[in-house]
Amino acid sequence: MNSHNPLYFPHNTRRPAPAIENRTPMMRAPMRVLTSQSLFVGEHEIGIEHHGALYRLKITRQGKLILNK
């Protein structure tokens with residue numbers, strides 16, 4: 001039995017999405033964008049405190065970002 005195939009679950013009761021004309025458009029606030037350069041200011045790692053926990057945001061050797069708790 002393929003447990004990843006939703007066709008095997010007859011109790012799946014998905015409802016069709018309402019027609020587009022019935023939807024009201026949602027207004028979203030513009031997202032605040034910061035450059036990594038302005039965050040790191042020459043460093044390769046910074047700390048972020050969130051709800052009492054310290055997270056570390058690091059720039060890897062390949063230039064990617066990694067967030068660790």
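The values are calculated or read from the model by the stated rules, or taken from the named source; none is laboratory data. It should be emphasised that the depicted structure is a prediction, and the values quoted were computed from it without experimental measurement. Heads up, the Cβs are rebuilt from the backbone with ideal geometry, glycines too, and the neighbour counts pull from every protein chain shown.
Before moving on, here are some points about what is shown:
Residue-wise test of (1) modelled with pLDDT of 95 or more; (2) surrounded by 10 or more Cβ atoms within 10 Å (Cβ to Cβ).
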position: Ile20; (1), (2): no, no
position: Arg23; (1), (2): no, no
position: Pro30; (1), (2): no, no
position: His44; (1), (2): yes, yes
position: Gly47; (1), (2): yes, no
position: Tyr55; (1), (2): yes, yes
position: Asn68; (1), (2): yes, no
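- Selection count, the stretch 24-63, where residues are over 20 Å from the mean Cα position of the chain (by Cα) and not acidic (Asp, Glu): 11
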